[in-house]
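The values are calculated or read from the model by the stated rules, or taken from the named source; none is laboratory data. As the structure is a computational prediction, the values presented were derived from the model and not from experiment. What goes into the accessible areas is simple: the full protein's heavy atoms, side chains included, and nothing from ligands, DNA or RNA. Shrake-Rupley method; radii C 1.70, N 1.55, O 1.52, S 1.80 Å.
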Amino acid sequence: MFTMQRDIGNEDELQGALTENRYLKDTIEAMRKQLEFCHFDKEDSIRRAAVAANADISQLQATIIELRKELQRVGREKEAEVQKTAATMTDEANQIKAIVAGMRREMEAMSFEFDKRLDTERAAHRAEIKQLHKTIQVLREELEVKHT
């Protein structure tokens, strides 16, 4: 009887071990499924993060391209403004040079005219002095003739 009890006890132990083994296998299977789920979830999260990062990169690249285009456009506009201002300044400088050249010619003409008039006045003055000297000479001679 003792052997039977032992056999029954061994069977109970065996049954308990088999049941425990089944629970452990089920737990391992559940954990394996959970691990696979976590692995797939992690890969999916990585894929989604990569897709989002690629979208951000594409958006940033598009923004960079647009900003570059805008910068080039602004640069061209500024260069056109500089060219226009330079042309205006050149035109103004040429106009001022022309005005100065005209004023110089006018001043030279006036100076020449002044020198000419001055020479004429000096010549007239010298002629008048000569005439006055002659008049003085004639008057002296007349005075001497009257006194002698």
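The rows are residues; the columns are (1) on the phi < 0 side of the Ramachandran plot; (2) open to solvent by 90 Å² or more (accessible area, probe 1.4 Å); (3) of a type in the set (A, V, I, L, M, F, W, C).
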{"position": "64", "(1), (2), (3)": "yes, no, yes"}
{"position": "107", "(1), (2), (3)": "yes, yes, yes"}
{"position": "114", "(1), (2), (3)": "yes, yes, yes"}
{"position": "133", "(1), (2), (3)": "yes, yes, no"}
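Across the stretch 1-37, what is the number of residues that are within 60 Å of the chain's Cα centre (by Cα) and at pLDDT below 90?
0
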